[in-house]
Structure formats: structure tokens, C-alpha cells
Amino acid sequence: MNLQTLMAVEFFKLRKRMMTYVIALLTVALIVLLYSVLWSMSGRAGGFFEQGRRYSYEDLRRGLFLEAGVPFALQIIATFGTLLAVILAAGAAGSEYAWGTVRLMATASSGRLRMMTARLIVVFVFVALIALLAVLVALAYSAVITQTNGGSDFSFVTWAFVREQTFAFGRTLFVMAPFVALAFAAAVVGRSTLAGAGVGLAVAFLEPLISNLLRLGGARWEHVPNYLIDSNRDVVIAQNQLPAALQRFSFGPSPRQLSERGANSLEEATIVLLIWTAAFITIAFVTYRRRDITAGTGG
């Protein structure tokens with residue numbers, strides 16, 4: 001089979017799996033839930049302080065208007081969507097072992113690496129499609145908030161605005177890539193969906209905690225997080241600028257906080273994330289190529 005045929009096969013398998021639709025539904029549900037909570041909060045009287053400045057809850061509501069709808073949705077996707085993408089990637093890479101079809105697929109594809117390449121490409125495509133669906137739902141919700149609160153001026157929609165939102169979407173997918181590649185590789189090495197999901201979710205949850213502990217360890221340890229995934233992900237995603245009133249509801253450090261902790265520059269963070277992604281993909285491909293799968297279970 002050529003690469004296009006293999007991609008069509010992998011696309012068909014993921015499209016027919018209930019797990020794919022559950023993950024897409026959960027991602028959309030998170031967007032709706034968090035927007036609903038913030039919209040409800042924005043109806044209160046009074047205000048709150050953020051970075052030494054007072055904002056009214058009306059400022060918060062304006063932050064949910066269409067002009068800021070995409071950046072905030074992408075913040076949600078980068079945080080919670082990554083966890084769901086990990087499960088999707090682990091299932092795509094590890095399910096063949098549970099089904100006992102790994103040997104059949106490897107022999108039918110006329111090349112193990114070609115099959116793995118097709119599978120990985122399709123996983124990233126599905127992650128991008130689910131993220132795009134979540135953004136569209138966020139835009140629809142923001143449109144309702146905008147129209148019902150007198151914010152129907154669409155003069156902000158310029159080519160520069162569209163270009164920046166497109167770049168923001170690309171940055172979000174980029175910071176998700178190392179975790180997707182990690183889950184994919186762990187599922188291949190561990191020969192199960194559980195291994196991939198377990199490792200991917202463990203790293204996503206524990207790395208921020210470990211990084212914070214390392215920063216408390218003095219000069220010898222405080223710069224170690226700059227070589228890990230989470231810190232550099234924060235640097236990249238911080239470029240998706242949120243309205244000031246929404247900063248306290250973001251799920252990562254602000255640009256000022258990143259600067260205070262001595263985080264990498266955007267260029268350095270990009271390189272570190274690329275290295276981690278490439279390393280995980282290489283591990284998956286090398287492991288699968290060298291593995292004896294004649295027993296049918298990959299063992």
C-alpha cells in the first residue's frame with residue numbers, strides 16, 4: 001500500500017471509533033462549560049483585581065466578545081484539549097495490540113515505517129480537526145454573547161486580525177504536539193493504549209509540579225525546567241494574547257511571570273519543543289521497526 005492508501009485506512013478506523021466522537025464531544029463540552037461559567041460570573045456587580053489593576057465584571061463580559069473569542073478558546077484547548085488528545089493518540093497507536101491485528105496491519109502495509117507515518121499523520125489531523133471544531137463552537141458562543149450585549153461592531157475583523165488568529169491556532173497545535181507524540185511513543189513501547197495514555201497524562205499533570213519544585217531548589221536546579229516541555233509550552237502559548245480582564249482565568253503563567261522566572265525566549269522554546277517531539281517520534285519508529293511482531297501481539 002502507498003502512503004495515501006494507508007492514511008485513508010487509518011482515517012477510516014479513527015472515524016469509526018466511538019472514542020474519537022467522545023473526545024470531540026468532551027472538548028466541545030469544556031468550551032461551553034467554561035464560557036457559561038465566565039458569562040455567569042460576568043453578570044455580577046462589582047469587580048476584581050488582576051496584576052494590581054481593578055476590572056469590573058463587565059470588563060470580563062467584554063473579554064468574551066468575538067474579538068477575544070479565539071484566544072480564550074485556544075487557552076482552553078491547549079490545557080484540557082491536550083489531555084484528550086493524549087488519549088486519542090494512545091488509542092490510535094496501542095489499540096492494534098489489544099485487538100491482535102498488529103501483525104496483519106504490519107504485513108499488509110508493505111512497510112512498518114510507512115504505516116506508522118500514516119497513522120501519526122492521521123492522529124495529528126484528527127487533533128487539528130477537533131481543535132477547530134472547539135474553536136468554531138467558541139466563536140458561536142461568543143457571537144451570542146456579543147449580539148446580546150451590544151457588542152455587534154465587527155470592525156475588528158481585518159486581515160491582520162484573521163492572520164493573528166490563524167497563527168494562534170497554529171501555536172496551540174504546536175504546543176500539543178510533544179504530548180501527542182509522547183503518548184503515541186509510549187503506546188508503541190508499552191504495546192497498549194493504557195501505557196500511552198498513562199504516561200502522557202502523568203507527564204502533563206506532574207511536570208508542572210516538578211518544575212515548580214525545581215525552581216525552589218536554588219541555582220543548581222532552577223533552570224532545569226527550561227529544558228522540559230511544560231515551561232516552553234507556556235512560553236509559546238503566552239503569545240496568544242488574552243484581554244487583560246481574562247488573564248486571571250487563563251491556565252498558565254502570564255508573560256510577566258514567565259519573564260520573572262527566567263523562561264526561554266520564544267525561539268528557544270520553539271526549538272526545545274521541536275526536539276522533544278522529534279525524539280518521541282523517533283523512539284516510536286525505532287521501537288516499532290525493531291520489534292518482533294510474528295507472534296501477533298507485538299511481543
How would you rank 170-178, 86-94, 72-80, highest first, on the average number of other Cβ atoms within 10 Å across their residues?
86-94, 72-80, 170-178
Take the alpha carbon gyration tensor of the stretch 130-233, find the square roots of its eigenvalues, order them as a ≥ b ≥ c, and report rounded if a/c is under 1.5; if not, report prolate when a/b exceeds b/c, else oblate.
prolate
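Give the calculated FRET efficiency between R15 and L216 to the nearest 0.05, with a Förster radius of 45 Å applied to their Cβ-Cβ distance.
Rounded to the nearest 0.05, the efficiency is 0.45.
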Go through 180-186, 196-202 and give me the packing order, highest mean Cβ count within 10 Å leading.
180-186, 196-202
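Relative contact order, percent, of the stretch 3-290 when contacts are C-alpha pairs under 8 Å separated by at least 6 residues? Present the calculation step by step, with values, prior to reporting the outcome.
Working: 348 pairs, mean separation 73.8, N = 288.
It comes to 26 percent, rounded to a whole number.
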Hey, with R₀ at 25 Å, roughly what FRET efficiency would E58 and R256 work out to, going by the Cβ-Cβ distance, to 0.05?
0.55
Derived scalar couplings ³J(HN,Hα) [the stretch 130-140; Karplus, 6.51 cos²θ - 1.76 cosθ + 1.60; whole Hz; x for Gly, Pro]:
5, 5, 5, 4, 5, 5, 5, 5, 4, 5, 5
Proxy exposure order for V157, V235 (fewest C-beta within 10 Å first) is V157, V235
Determine the sum of side-chain charges near R119: Lys and Arg each +1, Asp and Glu each -1, restricted to other residues whose C-beta is under 11 angstrom from that of R119.
+1
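Using the per-residue mean of other Cβ atoms lying within 10 Å as a proxy for protection, in what order, highest first, do the peptides 228-234, 216-222, 36-42, 62-68 fall?
The peptides rank, most packed first, as 228-234, 62-68, 36-42, 216-222.
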Rg to Rh, two decimals, where the stretch 3-290 supplies the alpha carbon set and Rh follows Kirkwood:
1.01
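Values in this text are rule-based calculations from the coordinates and carry no lab data. Treat the numbers as computed from the prediction; the structure is a model and nothing was measured. For neighbour counting, all protein chains shown are included, and Cβ atoms are generated from backbone atoms with ideal geometry for every residue, glycine included.
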